[in-house]
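Worksheet: the structure to be examined is printed underneath.
The values are calculated or read from the model by the stated rules, or taken from the named source; none is laboratory data. Remember, it's a predicted structure, so these values are computed and weren't measured experimentally. Using ideal geometry, Cβ is built from the backbone for each residue, glycine included, and neighbour counts are taken over all protein chains shown.
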Protein chains: 2
Amino acid sequence: MKADAATSAPPQRLPAAQLKRFIADSLLAVGLPAKDAATCAELMVRADLHGADGHGIFRLPQYVRRIKGGAVNVKPKVKVAREAAGMALVDGDNGMGHVVMSFAAKTAIAKAKTAGAAWVGVHRSNHAGPASLYAAMPLAHDMIGLYLAVGNANHMAPWGGIDLLLSTNPIAVGAPGNETNIVLDMATTVAAYGKVKTAVQRGETLPEGWMIDHQGRPLTDPKRAEEGLLVPIGGYKGYGLALVFGLLAGTLNGAAMGSETVDFNADDVTPTNTGHAIVAISIAAFGDVDEFKRRVDKLAREIRRSKPMPGVARIWLPGEQSRAKFEERSKLGVPIPQPLRAGLDKLARELKIKALGT
Amino acid sequence: MKADAATSAPPQRLPAAQLKRFIADSLLAVGLPAKDAATCAELMVRADLHGADGHGIFRLPQYVRRIKGGAVNVKPKVKVAREAAGMALVDGDNGMGHVVMSFAAKTAIAKAKTAGAAWVGVHRSNHAGPASLYAAMPLAHDMIGLYLAVGNANHMAPWGGIDLLLSTNPIAVGAPGNETNIVLDMATTVAAYGKVKTAVQRGETLPEGWMIDHQGRPLTDPKRAEEGLLVPIGGYKGYGLALVFGLLAGTLNGAAMGSETVDFNADDVTPTNTGHAIVAISIAAFGDVDEFKRRVDKLAREIRRSKPMPGVARIWLPGEQSRAKFEERSKLGVPIPQPLRAGLDKLARELKIKALGT
């Protein structure tokens, strides 16, 4: 079939600079100030370069749709609403999540320089891309970063239940070494919903363990994904993690949580009141920075050189595969599958901007 | 067989006060000051009352053995070694973990009162019982508690590997409501090693999914548990969590991590240099405390009343089953299985103290 052949053709690769320009042009066209459009473009392409394909330029048509629908404020006054020595609450004024979270991460880093550690909560924000973007920001300042968020669509039920009350609330933690940074970024479900959507688009059978149906049986038929629940990691444990990360990133900050969550895939008009938390921890406050980095490197070497099981080629550290992708894609460009390309071309026509890569 | 019959007889129940007295007497007998012995007894029995059977009086013979072996300092000078407005590093001086962590939690709470949030790291500590004990301490101060620790025995390999480089590094988070507190306490493995030990003692087949062998195949034979690896929740995700929690609780604080971990089950003479982290977050710094508690209660009700799958009697909140056990055991006493009772009687004879319950 022609459609299948087109879908399975190797995707075109485009240089990061072209993607950035296209994203910035699009966001400028819907009213973002140049600086904010550049911030979003920079972070979205950073996601693409690191292999977070569901969080980069892929999201652009949806972001534009929600901006046009009035769900997102293109000219937010992002500000510190409350603060003390070791914390701040950032009011995102319903701006783009990338703009709000960049401000929040900067705030956390600045406060941790004097307080040693700072916990910054965020409310009235929006989807901000992959968690690792923000957990990695403190590393250049010799700090550890910890990021939590409430997801913008509920695909998880409390363990043993059916009602979709929880999102795949992610955690990311970044720690610097001299040779290796360790950056974990994970949803609290076995598979993120983006992976399910990709499999559904391709008509692929879902691996057992990703979703269950309302009787708790494995759901593998992509046509039935809509009636499925994402399975939390470790069953009740992943449910518990999603819940407490939601309390920390959402409830504490007066942001949406539980049944308050707005499904940003289905709704183009309602603000999501997305909550995040970003923590910056100054390594120098706890001890010698070089000593810490040497110990991270030593641990990384121990793990890399540890004995693999038969058939396992290599033991990976969290973040290592993303970094390999970053290096490869920085050289060869970001692969843009044909359906995504078609969507972006359509967007260019709608916004009357130059098409991607022209 | 007689032995089996004795093992399977319903365990005797003893009131908490008797357990506390026995623990305090034991620890006094091996040189702890009265105040510290009382702190340990209080927290160990709190663990027993909450159903954390592997973390209460069950651990007493091991603690005494390690104290007698010189591995633990009975008269530590626990102190703040470094501090800034939003953080502290506590030096446990190799004291009992319960004493050190009580001090660290108090420090975090006191600092969060002015800084809004405080991240307290701990080094040179020891096993401190269940994570929930400490994550729950900030709740009475209208704070959220977050606790991380490096476990004292490596039973997990990096995902895909065989070498035991990681422990079941736990996380606990507690948040207060008016009607319900939510307290999550979990290891980053599907089953904690204590559960495996209990099954092995009873000669029970291990459920599939708890352990794997060196080929990655399910290991269910309790006689082979020694050659098994604990399975992290969500495969590489649980491995990642154990790693970053270890970086935060261990490496950051100059405490043991990775291959530095001392197996406190096998070794009675070497200090473990156990690391922990306790974070206290003042709810009042972020917003209105009553509003927060009302939202926690609302979320708890939503989850409790949500629709269960067929055959599921009830949807639980994290911490709810422990609280039910606490209420039951506070009334009816703590069950002490016969083998544990025998071990405690032997301990009483060794220490020349009154037997438990006499």
Residues of the range B:159-171 satisfying the condition of being within 9 Å of chain A (Cβ to nearest Cβ) and either under 13 Å from the mean Cα position of the chain (by Cα) or of a type in the set (Asp, Glu) (or both):
B:ASP163, B:ILE171
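Specify the residue that is farthest from A:ALA249 (Cα to Cα); the eligible residues are those in the range A:275-306 that are facing chain B (nearest Cβ under 8 Å) and in contact with a Gly (Cβ under 6 Å, 6 or more places away or on another chain). Even if it seems obvious, please write down each step before you answer.
The initial filter retains those residues of the range A:275-306 that are facing chain B (nearest Cβ under 8 Å), namely A:279, A:281-283, A:285-287, A:291-292, A:295-296, A:298-299, A:302-303, A:306.
With in contact with a Gly (Cβ under 6 Å, 6 or more places away or on another chain) added as a condition, the list becomes A:282, A:285-287, A:296, A:299, A:302, A:306.
Details: A:SER282: 21, A:ALA285: 25, A:PHE286: 25, A:GLY287: 28, A:VAL296: 27, A:LEU299: 30, A:GLU302: 33, A:SER306: 36 Å.
Applying the filter and picking the extreme gives A:SER306.
Among B:PRO158, B:PRO176, which is under 30 Å from B:ASP297 (Cβ atoms), at pLDDT 95 or above and in the same structural domain as B:THR272 (by TED's automatic domain parsing)? Outline the logic, then answer.
Details: B:PRO158 fails: under 30 Å from B:ASP297 (Cβ atoms).
One residue alone meets the criteria, B:PRO176.
Just one of A:ALA84, A:ALA131 is small (Gly, Ala, Ser) and without any contact (Cβ under 8 Å) to a residue 12 or more places away in the chain; which is it? Step through it out loud before you land on a result.
On the way: A:ALA131 fails: without any contact (Cβ under 8 Å) to a residue 12 or more places away in the chain.
Unique residue meeting the criteria: A:ALA84.
So, in the range B:59-100, how many residues would count as being within 14 Å of another protein chain (Cβ to nearest Cβ) and small (Gly, Ala, Ser)?
First pass over the range B:59-100, keeping only residues within 14 Å of another protein chain (Cβ to nearest Cβ): B:80-91.
Add one more test, that the residue is small (Gly, Ala, Ser), and what stays is B:81, B:84-86, B:88.
Total satisfying the criteria: 5.
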Would you check if there is a residue in the range B:68-85 being surrounded by fewer than 22 Cβ atoms within 10 Å (Cβ to Cβ), more than 15 Å from the chain's Cα centre (by Cα) and part of a helix (DSSP H, G or I)?
yes
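Out of B:GLY287, B:GLY275, report the one residue that is in contact with a Lys or Arg (Cβ under 9 Å, 6 or more places away or on another chain) and either of a type in the set (Ser, Thr, Tyr) or without any contact (Cβ under 8 Å) to a residue 60 or more places away in the chain (or both). Give the derivation first.
Numbers: B:GLY275 fails: either of a type in the set (Ser, Thr, Tyr) or without any contact (Cβ under 8 Å) to a residue 60 or more places away in the chain (or both).
None of the others qualify; the one that does is B:GLY287.
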Identify, from the list A:ARG224, A:ARG217, the residue that is touching an Asp or Glu at 6+ places or on another chain (Cβ under 9 Å) and free of Cβ contacts under 8 Å to residues at least 12 places away in the same chain.
A:ARG224
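To keep it simple, each residue is scored yes or no on (1) in the same structural domain as B:ILE57 (by TED's automatic domain parsing); (2) within 20 Å of the chain's Cα centre (by Cα); (3) closer than 20 Å to B:VAL30 by Cβ.
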| position | (1), (2), (3) |
| --- | --- |
| B:ALA313 | no, no, no |
| B:TRP316 | no, no, no |
| B:SER322 | no, yes, no |
| B:ARG349 | yes, no, yes |
Considering the range A:159-186, residues that are within 20 Å of B:TYR239 (Cβ to Cβ) and of a type in the set (A, V, I, L, M, F, W, C), and then whichever is surrounded by the fewest Cβ atoms within 10 Å (Cβ to Cβ), we arrive at A:MET186
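The rows are residues; the columns are (1) farther than 30 Å from A:GLU179 by Cβ; (2) modelled with pLDDT under 95.
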| site | (1), (2) |
| --- | --- |
| A:ASP268 | yes, no |
| A:ASN273 | yes, no |
| A:PHE286 | no, no |
| A:GLN321 | no, no |
| A:VAL334 | no, no |
| A:PRO339 | yes, yes |
| A:LEU347 | yes, no |
| A:LYS352 | yes, no |
| A:LEU356 | yes, no |
Residues B:THR188, B:THR198: which one is out of contact with any Ser or Thr (no Cβ under 8 Å at 6 or more places or on another chain) and among the hydroxyl-bearing types (Ser, Thr, Tyr)?
B:THR198
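Is it true that some residue in the range A:260-279 is of a type in the set (S, T, N, Q), in a helix (DSSP H, G or I) and closer than 20 Å to A:TRP159 by Cβ? It would help to see each step written out before you state the result.
First, pick out the residues of the range A:260-279 that are of a type in the set (S, T, N, Q): A:261, A:265, A:270, A:272-274.
Filter again for in a helix (DSSP H, G or I), leaving none.
Checked the range A:260-279: no residue is of a type in the set (S, T, N, Q), in a helix (DSSP H, G or I) and closer than 20 Å to A:TRP159 by Cβ.
Test A:VAL296 against the criterion of being in a loop (DSSP other than H, G, I, E, B), at negative phi and modelled with pLDDT of 95 or more, and give yes or no.
Working: in a loop (DSSP other than H, G, I, E, B): no; at negative phi: yes; modelled with pLDDT of 95 or more: yes.
No; evaluated as a whole, the condition is false for this residue.
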Exactly one of B:LYS237, B:LYS195 is out of contact with any strand residue (DSSP E or B) (no Cβ under 9 Å at 6 or more places or on another chain), surrounded by 18 or more Cβ atoms within 10 Å (Cβ to Cβ) and closer than 24 Å to B:LEU165 by Cβ, and that one is B:LYS195
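It is to be established whether one or more residues within the range B:248-260 are under 26 Å from B:THR198 (Cβ atoms) and buried (at least 20 other Cβ atoms within 10 Å of the Cβ). Walk me through it before giving the result.
Taking the range B:248-260 first, the residues under 26 Å from B:THR198 (Cβ atoms) are B:249, B:256.
From what is left, the residues that are buried (at least 20 other Cβ atoms within 10 Å of the Cβ) are B:249, B:256.
The answer is yes, given that some residue of the range B:248-260 is under 26 Å from B:THR198 (Cβ atoms) and buried (at least 20 other Cβ atoms within 10 Å of the Cβ).
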May I ask you to verify whether B:ALA81 is in contact with a strand residue (DSSP E or B) (Cβ under 7 Å, 6 or more places away or on another chain) and of a type in the set (A, V, I, L, M, F, W, C)?
yes
Just to be sure before I move on: is B:ILE171 touching a residue at least 24 places away in the same chain (Cβ under 8 Å), in contact with a Lys or Arg (Cβ under 8 Å, 6 or more places away or on another chain) and within 30 Å of A:MET309 (Cα to Cα) in the structure I sent?
no
Considering only the range A:209-240, how many residues are at the interface with another protein chain (Cβ under 10 Å from one of its Cβ atoms), of a type in the set (Gly, Ala, Ser) and assigned to a helix (DSSP H, G or I)?
2
How many residues, within the range B:241-269, are facing chain A (nearest Cβ under 7 Å) and of a type in the set (S, T, N, Q)?
3
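Can you tell me which residue among B:ALA128, B:ALA140 is at pLDDT 95 or above, in a loop (DSSP other than H, G, I, E, B), more than 14 Å from chain A (Cβ to nearest Cβ) and over 15 Å from B:TYR193 (Cα atoms)?
Working: B:ALA140 fails: in a loop (DSSP other than H, G, I, E, B).
From the options B:ALA128, B:ALA140, the qualifying one is B:ALA128.
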Any idea which of B:ALA117, B:ALA104, B:ALA149, B:ALA128 is over 29 Å from B:VAL74 (Cα atoms), of a type outside the set (D, E, K, R) and either touching an Asp or Glu at 6+ places or on another chain (Cβ under 8 Å) or surrounded by 24 or more Cβ atoms within 10 Å (Cβ to Cβ) (or both)?
B:ALA117
Which of the following residues is touching a residue at least 24 places away in the same chain (Cβ under 8 Å) and surrounded by fewer than 20 Cβ atoms within 10 Å (Cβ to Cβ): B:PRO310, B:PRO335, B:PRO318?
B:PRO335
The range A:106-122 residues that are under 16 Å from B:ALA112 (Cβ atoms), paired with ones that are among the polar types (S, T, N, Q) (beta carbon under 8 Å, 6 or more apart):
A:ALA112/A:SER282; A:GLY116/A:SER282; A:ALA117/A:SER282; A:ALA118/A:THR107; A:VAL120/A:THR107; A:GLY121/A:ASN253
Consider B:GLY31 carefully, then state whether it is at pLDDT below 95, in contact with a Lys or Arg (Cβ under 8 Å, 6 or more places away or on another chain) and not assigned by TED's automatic domain parsing to the domain that holds B:ASN152.
no
